[in-house]
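Novice: I'd like to ask some things about the structure below.
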Amino acid sequence: MRATIDLSLCQGYGNCVSAAPEYFDLDDSGQAVLLKVEAATPAEQDRVREAIPLCPVGAIRLEG
Ligand code: SF4
C-alpha cells in the first residue's frame, strides 16, 4: 500500500506526521514528504489510513 500527497493542497499542518511518523515527514519548506514508497506492515498501513481524514485539506490519497 502506498500513499500520495497533493502538494498543491498541502499546507504543512503536520497531522500526517503525527499520525504516521515513520511514513510522513515535513521538508524544509514545510510540505509533507513520504519517507518510504510502501507502507509495509499492517500497523504502519493502519496509521497511514488514520492520517488521511486528519489532513485538513484532503491532500493524502491511497494508491493500491
Ligand atoms: S496533514 Fe495534509 S496538509 Fe498537513 S502536512 Fe500532511 S499532507 Fe500536508
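A short reminder: the numbers here are calculations on the coordinates, not readings from a lab. Quick caveat, the model's predicted, so the values are computed rather than measured.
Novice: Please state, to two decimals, what the Cα-based radius of gyration of region 2-63 comes to when divided by 2.2 N^0.38 Å (N = residues).
Specialist: 0.97
Novice: For region 47-64, what does the Karplus curve 6.51 cos²θ - 1.76 cosθ + 1.60, with θ = phi - 60°, yield as ³J(HN,Hα) per residue in whole Hz, taken in order and with x for Gly and Pro?
Specialist: 5, 5, 4, 5, 5, 4, x, 7, 6, x, 10, x, 7, 9, 10, 9, 10, x
Novice: Still on this model: Taking only Cα atoms and a 10 Å spring cutoff, compute GNM fluctuations for the chain and point out the largest among Ala19, Ala40, Ala32.
Specialist: So, out of Ala19, Ala40, Ala32, the one fluctuating most is Ala40.
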